[in-house]
Amino acid sequence: MVLTNETVKERLLKHFEGQLGRFEEPFGMLSFEAPKELNLKIMQFLYDDEELRFQFLTDLTAVHYPHQPGRELAIVYHLHNLKDNVRIRFRIYTSIEKPDVFTVTKLYAAANWMERETYDFFGVNFIGHPNLKRILNVDEMDYFPLRKEYPLEDQTRTDKDDEMFGRG
Amino acid sequence: MARPVRFNVHTNPANTKDHISMTDMPDGYPGEGFFATKLSDVVGLARKNSLWPLPFATSCCGIEFMATMASHYDLARFGAERLGFSPRQCDLLMVIGTIAKKMGPIVKQVYLQMAEPRWVMAVGACASSGGIFDSYSVLQGIDQIIPVDVYVPGCPPRPEGILDGFMRIQDLVGMESVRRRNGERYRELMGSYGIK
Amino acid sequence: MQALTSRAKVVGRKPMTFLEKLYIPVIAKAMGITFGHIFKKKPTVSYPEQRRTFSPVFRGVQVLNRDEEGRERCTACGLCAVACPAEAITMEAAERLPGEEDLYKEEKYAARYEINMLRCIFCGLCEEACPKDAVYLSETLVPSNFNRESFVYGKKELLIPHPLKEPEAYARARGERGS
Amino acid sequence: MQEQHHIKLPEGSIEKSTTTLNLGPTHPATHGVFQNILELDGERIVSAEQTIGYIHRAFEKIAERRPLYQITPLTDRLNYCSSPINNMGWHLTCEKLLNVKTPKRVDYLRIIIMELARISDHLVCNSVVGVDSGAYTGFLYVMQYRELIYEIYEEVCGSRLTTNMGRIGGFERNFSNAAFEKLERFQAEYPAVLKEFENLFNRNRIFMDRTMGTGGIGPERALNYGFTGPNLRAAGVDYDVRVHSPYSSYEDFDFNIPVGKTGDNYDRFLVRNQEMWESLKIIDQAYRKVKEFKGVEAEIFHADAPEYFLPDKNDVYTKMEALIWHFKIVMGETEIPPGEVYQSVEGANGELGFYFISDGGRAPYRLHFRRPCFIYYQAYSELTKGSMLSDAVLTMSSLNLIAGEMDA
Amino acid sequence: MHSLLLSADWGLIIEKMVLVAIIIGVSLFVAMYETYAERKVAAFIQDRHGPNRAGPFGIFQPLADGLKLFSKEEIVPNHSNKFLFVLGPGLAMLTAMMTSAVVPWGGHIHAFGRDISLQIADVNIGILYIFGVVSMGVYGVMIGGWASNNKFSLLAAIRGASQIISYELAMGLSLIALLMMTGTLSMHEIVQQQMDGRYYVLYQPLGFLIFLVCAFAECNRTPFDLSEAESELNFGYHQEYSSMKLGFYLFAEYVNMFISSAVMATIFWGGYDIPFVNDSSFGLNHGANLLAILQVLCFFAKIGIFVFFFMWVRWTVPRFRYDQLMKLGWKTLIPLAILNMLVTGFLILLRQNHWHF
């Protein structure tokens, strides 16, 4: 039997009645939204279910939406069922004041660094992560650079006087 | 539309003569006689033909450095194939590739560990100026932390470019007085980087 | 793990044969290969003396174009600066004054046009962005230098030689392919 | 006079029976920069801890400020050993979002370039495994052919390593004859060199002893760690994006997926070598298909998408409409539909994914790169546990860790 | 006292002094040009040109390197033991140079009315002397590595020490079989026995092979260069050394290579014997001095071939891993050497009992 987006959707809806929303299929990839408390349960279900078997975590990242109060940070998971070659994406939202999300490292070893990276960039606090600390940036950094309010350029830079950039 | 010309004939070639300040002859040695200058020359000649580089390769430019080492361009022709990754043994620190702020202190430490006389070559746009990475995490040119002798532009520079930079370093080395490293100006230069 | 596709092909990972276990035959073979290379023609380009010819689309240092009468083509529209991912291009526009028609092609021109060659990544986007046939990349490499200032190339360095006033330099810049 | 201590031991280190060794950030075996803090018992590794981020360059942040075409040079610098694959991957992502259909000829040309890039990447990786095991010469033999690949790139786009090749919808120009000539030369000469390279290493007992049984990982663990690409295939899983979600007309090609059995260094080496052969096969097929296009068709090098593909320069100089398009595209003012798209390509290291969220602005709202290196490098401590220091070095090089890709 | 001074053969002392000076000079010169040769050989094997800027074909390259090393700053790391730190390279160099004392470089020269032997000391325990001195070489590595106070160096020192000690065993055992045949430990004698062109390599191919492998290990050359494996240990024991101390280490390696080639040529390949020529009759026909010169040249040619072989292997094969190296040494080479010994002994016994085969 070929696994299709519809089957996945049906199975998910059946298992998590009324708790999932915004099912879409942009460019053929099933994506939906879930409450953040459920992320681990959904993942576990997707992983274990005989039919679904989304056992490969392709990607995990976050997006910052400063204009959505209470739902500023979205954490996006991309999962892949290698056997039937189906990909799905789901996202959970959390507020920026208390960005606590359950970790999925127990399920996917790959999530370890991805979550660290997400923490490093966005400050998402993954509860239960074995080693949640900065990965790419220096440990002393006191902000989360990929949030929209932080500038790209280094503000402490003194050399931007332009002689160096040919604008003097 | 085809290009109007093939070459730019007005490039700014490095002028070693104008750049004598890097290689300054020590003042205050009035009695410097024939022998001392000749010694300088000979030592300069030796050093210049035996520059052992320390390739501090971090990213893309490192791959072009590989190409420079390989058969087609063969840096060994200049007597420089003995790559050392131990700073003690090398004369030329080639900083090849992006230096992030996290990496900065390490570059400096490597520089400090090198034995005098040492030279620094910033290879590629990132090492020289930050290149396209004008971002919070990238050092905008390694000359903020260590003195640089030669900049090689390009992202990454072609092997020809790296060789060209290498020859500029050779020019510098060949002209340098043996006593430069004891001179006042050199101490000042080091002092400006907080190096004693 | 069951196969996901029908295209899998297991790489040959045979156990060592007795001869291979003896080290010497395979090493001897390898040494034969390396010895053979001693007599091979060397591909080395002795750089400063010999130079490789670059492809006609090579991305080297930029040039600013002039038209056939030697007038500058750039109108300082700023597209190249916008397109530059490294933000290496700076320009300042000026209005052409009467009497300068033989200097500048259009009414507006770049009074200052600077490219910071240390920032430049030679991606060629400026050449692509130019709507006025004014900025091109050339087959020349930027020479390395001792200080940062010398890498800011202004109009003096970038403009191609005047085809009428400096015909020799112009011919040199044009160069003949295959020469 | 102050007393001279030979070695100052930290507190409690006398009782400690292991040594801590800092491998990196500037160690010859870490190609690029990352740090491994190894806990050694003699030569045997008890545990390893990786630190990365030494060349973190904030690609994702920079990408939020750049119009789409300016992101191409950024992708070059992800996995710089095979930048064209990243370029094409990025263009494919944009094309998916912008709904641009590329003509077959463009697809095939792309495939030629991508497979060349794969060869050059595997070649660097495998020859560097050789270098790290102490045999430098094979590296220089194959490097000469990487040089030839670079010359092909140079004919196509004008630069060697960071190619910035291709545009949304196609290439910036048609391939020149010189490019095809060099490609033919490559096809003719490379197999012999690859064979020679295999002769130098594949059955050499010293090399086999060094690589067999070290740094191994089973398929389940590999999948759990998010391995993709040659490293996953060496563990025996035949997952390949080119086959699973074909892009750029990969479905038209016949090639095998080399898989290993144990996922150790030797398998990785063999899988990469075999993939080079497969790539050569694909290039052969693609080139044959490209040659079938005749006349006007042989001039097609981009999709018919005036909104996104820069008009011909001659038109820009002469036609008003073209000039307007030109300005709009360069200024980044063409319409970009909002939406989110995930597109992955089989990068030389594995599944290179682009997760692109557009809000309709000129730059991506968020662009995330799924960097295969970054994801599987976390398995390094598991791979090296209990092996020798020398194995750790080889494992590192046979994983093909590219710092630029890892740190983004 | 007086009589002792008078009775001393001053001619002999001067002769030996000159010889020592020449041989040290020559070995240094050869070592210097070995570095050049290595770079050139590597380059040619790798399709490159190699150094060619310093002088014609780059022949002044070693001079430039030497002068540069001399004019570099000496760094003694803060936490190192200064005395040992300096001792290390000195010891390495010293032992490397000392070995050349017992190598017979050629026959005799007639000059100043004297019959001058081209060997510094024809001691009757030449081979033992070599073993004694060579085994001291390991101290250079060990002391240097330990004194540097660097973990990489320390690891390298341990690797180097255990490797050299293990391979010395196999080396010694492989020679015993040969010594059973020669019946002497004197290098000079051994060469004399081979003068008729029947080189010992023909009788002891396995012994030679083991010796060759061990020589590679003793010289720290690839595939046994574990103690300086640059991709693992980053030059290992001499990592912390700069300037001429580093030069000494590098030099010692090349001198070692030169000397072990000389030893191999001497005991297995007939030393200074000119192949396919009956040396004694040639000497009678053309004069002893010409013969001696040709012999020296021939000897150097043999050494040159070995040195080239060393380099050739260096640029071809990968490196062993530490445990595999030990396994090869203890589980393969030593049993083989013992087997070789037994077989040789057996055959010698048979021959002594007039068995003909």
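Answer yes or no: is there a residue in segment B:127-143 that is buried (at least 24 other Cβ atoms within 10 Å of the Cβ), within 23 Å of residue C:140 (Cβ to Cβ) and touching a residue at least 40 places away in the same chain (Cβ under 8 Å).
The answer is yes, given that some residue of segment B:127-143 is buried (at least 24 other Cβ atoms within 10 Å of the Cβ), within 23 Å of residue C:140 (Cβ to Cβ) and touching a residue at least 40 places away in the same chain (Cβ under 8 Å).
Which strands (runs of 3 or more DSSP E) sit wholly inside segment A:66-125 and have at least 3 residues that are surrounded by fewer than 23 Cβ atoms within 10 Å (Cβ to Cβ)?
Counting at least 3 such residues, we get A:73-81, A:86-94.
For segment B:18-44, give me each residue that is within 17 Å of the chain's Cα centre (by Cα) and either within 14 Å of chain E (Cβ to nearest Cβ) or modelled with pLDDT of 65 or more (or both).
Within segment B:18-44, just B:44 meets the criteria.
Filter segment B:164-188 for residues that are among the aliphatic types (A, V, I, L, M) and more than 11 Å from the chain's Cα centre (by Cα); which is farthest from residue D:150 (Cα to Cα)?
B:178
I'd like to verify a number: residues in segment C:93-109 that are under 14 Å from residue C:68 (Cα atoms) and surrounded by fewer than 11 Cβ atoms within 10 Å (Cβ to Cβ), how many?
1
Determine which member of the set A:49, A:59 is more than 29 Å from residue A:145 (Cβ to Cβ), open to solvent by less than 50 Å² (accessible area, probe 1.4 Å) and not polar (S, T, N, Q). If you could, list the steps in order and put the result at the bottom.
Details: A:59 fails: more than 29 Å from residue A:145 (Cβ to Cβ).
Step by step, each of A:49, A:59 is checked, and only A:49 is more than 29 Å from residue A:145 (Cβ to Cβ), open to solvent by less than 50 Å² (accessible area, probe 1.4 Å) and not polar (S, T, N, Q).
Consider residue A:8 carefully, then state whether it is in a helix (DSSP H, G or I), over 27 Å from residue A:95 (Cβ atoms) and hydrophobic (A, V, I, L, M, F, W, C).
yes
If only one of E:338, E:293, E:303 is at pLDDT 85 or above and within 22 Å of residue E:23 (Cβ to Cβ), which one is it?
Within the list E:338, E:293, E:303, the selection yields E:303.
Could you check how many residues of segment D:270-310 are open to solvent by 30 Å² or more (accessible area, probe 1.4 Å) and more than 21 Å from residue D:82 (Cα to Cα)?
Final tally of qualifying residues: 18.
Among the residues of segment C:20-34, write down those that are in a helix (DSSP H, G or I) and either facing another protein chain (nearest Cβ under 7 Å) or surrounded by 21 or more Cβ atoms within 10 Å (Cβ to Cβ) (or both).
Scanning segment C:20-34 gives C:20, C:21, C:26, C:27, C:29, C:30, C:31, C:33, C:34.
Under the condition of being under 20 Å from residue D:351 (Cβ atoms) and more than 17 Å from the chain's Cα centre (by Cα), which residue from segment A:65-82 is nearest to the other protein chains (Cβ to nearest Cβ)?
Restricting to residues being under 20 Å from residue D:351 (Cβ atoms) and more than 17 Å from the chain's Cα centre (by Cα), the top hit is A:82.
Restricting to segment D:158-184, name every residue that is open to solvent by less than 20 Å² (accessible area, probe 1.4 Å) and part of a helix (DSSP H, G or I).
D:179, D:183
Among residues belonging to segment C:137-149 that are buried (at least 21 other Cβ atoms within 10 Å of the Cβ) and not in a loop (DSSP other than H, G, I, E, B), point out the one that is farthest from the other protein chains (Cβ to nearest Cβ).
C:137
Results for (1) in contact with a Phe, Trp or Tyr (Cβ under 8 Å, 6 or more places away or on another chain); (2) β-branched (Val, Ile, Thr), shown as yes or no for each residue.
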site: D:34; (1), (2): yes, no
site: D:38; (1), (2): no, no
site: D:42; (1), (2): no, no
site: D:48; (1), (2): yes, no
site: D:55; (1), (2): no, yes
site: D:60; (1), (2): yes, no
site: D:63; (1), (2): no, no
site: D:66; (1), (2): no, no
site: D:71; (1), (2): yes, yes
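When you go through (1) acidic (Asp, Glu); (2) open to solvent by 40 Å² or more (accessible area, probe 1.4 Å); (3) within 14 Å of chain D (Cβ to nearest Cβ) one by one for residue C:68, which number turns out not to apply?
It is condition (3) that residue C:68 fails.
Tell me the residue from C:114, C:87, C:106, C:100 that is over 22 Å from residue C:56 (Cα atoms) and in a strand (DSSP E or B), please.
C:114
Run residue D:364 past the list (1) more than 30 Å from residue A:117 (Cβ to Cβ); (2) buried (at least 19 other Cβ atoms within 10 Å of the Cβ) and report the number of the one that doesn't hold.
(1)
Name every residue in segment E:67-92 that is in contact (Cβ under 8 Å) with a residue 40 or more places away in the chain and open to solvent by less than 20 Å² (accessible area, probe 1.4 Å), in order of residue number.
Result: E:69, E:72, E:77, E:80, E:85, E:88, E:89, E:92.
One line per residue, one yes/no per condition, for (1) of a type in the set (Lys, Arg); (2) closer than 25 Å to residue D:331 by Cβ; (3) modelled with pLDDT of 85 or more; (4) touching a helix residue (DSSP H, G or I) at 6+ places or on another chain (Cβ under 8 Å):
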{"position": "C:120", "(1), (2), (3), (4)": "no, yes, yes, yes"}
{"position": "C:139", "(1), (2), (3), (4)": "no, no, yes, no"}
{"position": "C:143", "(1), (2), (3), (4)": "no, no, yes, yes"}
{"position": "C:150", "(1), (2), (3), (4)": "no, no, no, no"}
{"position": "C:153", "(1), (2), (3), (4)": "no, yes, yes, no"}
{"position": "C:158", "(1), (2), (3), (4)": "no, yes, yes, no"}
{"position": "C:171", "(1), (2), (3), (4)": "no, no, yes, no"}
{"position": "C:174", "(1), (2), (3), (4)": "yes, no, no, no"}
{"position": "C:178", "(1), (2), (3), (4)": "no, no, no, no"}
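Which is among the polar types (S, T, N, Q) and either open to solvent by 40 Å² or more (accessible area, probe 1.4 Å) or in contact with a Leu (Cβ under 7 Å, 6 or more places away or on another chain) (or both), of C:90, C:53?
C:53
When both residues are 6+ apart or on different chains and their Cβ atoms are under 7 Å apart, which pairs have a first residue that lies in segment E:312-340 and is farther than 16 Å from residue C:34 by Cβ, and a second that is open to solvent by 10 Å² or more (accessible area, probe 1.4 Å) and among the β-branched types (Val, Ile, Thr)?
E:333/E:213
Determine which single condition residue D:296 fails, assuming it passes every other condition in (1) under 22 Å from the mean Cα position of the chain (by Cα); (2) assigned to a helix (DSSP H, G or I).
(1)
Of all residues in segment D:245-261 being over 15 Å from residue C:8 (Cα atoms) and open to solvent by 30 Å² or more (accessible area, probe 1.4 Å), which is farthest from the other protein chains (Cβ to nearest Cβ)?
D:252
Filter segment B:144-161 down to the residues that are without any contact (Cβ under 8 Å) to a residue 60 or more places away in the chain and under 12 Å from residue B:120 (Cβ atoms) and list them by number.
B:145, B:146, B:147, B:148, B:151, B:152
Taking into account only those residues within segment D:59-117 that are in contact with a Leu (Cβ under 9 Å, 6 or more places away or on another chain) and among the charged types (D, E, K, R), which is most open to solvent (accessible area, probe 1.4 Å)?
Among residues in segment D:59-117 that are in contact with a Leu (Cβ under 9 Å, 6 or more places away or on another chain) and among the charged types (D, E, K, R), the one most open to solvent (accessible area, probe 1.4 Å) is D:65.
For segment D:380-395, does any single residue satisfy the condition of being within 13 Å of chain A (Cβ to nearest Cβ) and crowded, with 24+ Cβ neighbours inside 10 Å?
Yes: one or more hits.
Quick one: which helices (runs of 4 or more DSSP H) lie wholly within segment D:5-116 and hold at least 3 residues that are under 30 Å from residue B:138 (Cβ atoms) and of a type outside the set (A, V, I, L, M, F, W, C)?
Counting at least 3 such residues, we get D:68-76, D:83-98.
For residue E:115, only one of the following conditions fails: (1) more than 17 Å from the chain's Cα centre (by Cα); (2) open to solvent by less than 70 Å² (accessible area, probe 1.4 Å). What is its number?
Unmet condition: (2).
The values are calculated or read from the model by the stated rules, or taken from the named source; none is laboratory data. Note that this is a predicted model, so its numbers are computed, not measured. Note that we place each Cβ from the backbone using ideal geometry, even for glycine, and neighbour counts take in every protein chain shown. These area figures cover heavy atoms from the full protein model, side chains too; ligands, DNA and RNA do not enter into them. Shrake-Rupley method; radii C 1.70, N 1.55, O 1.52, S 1.80 Å.
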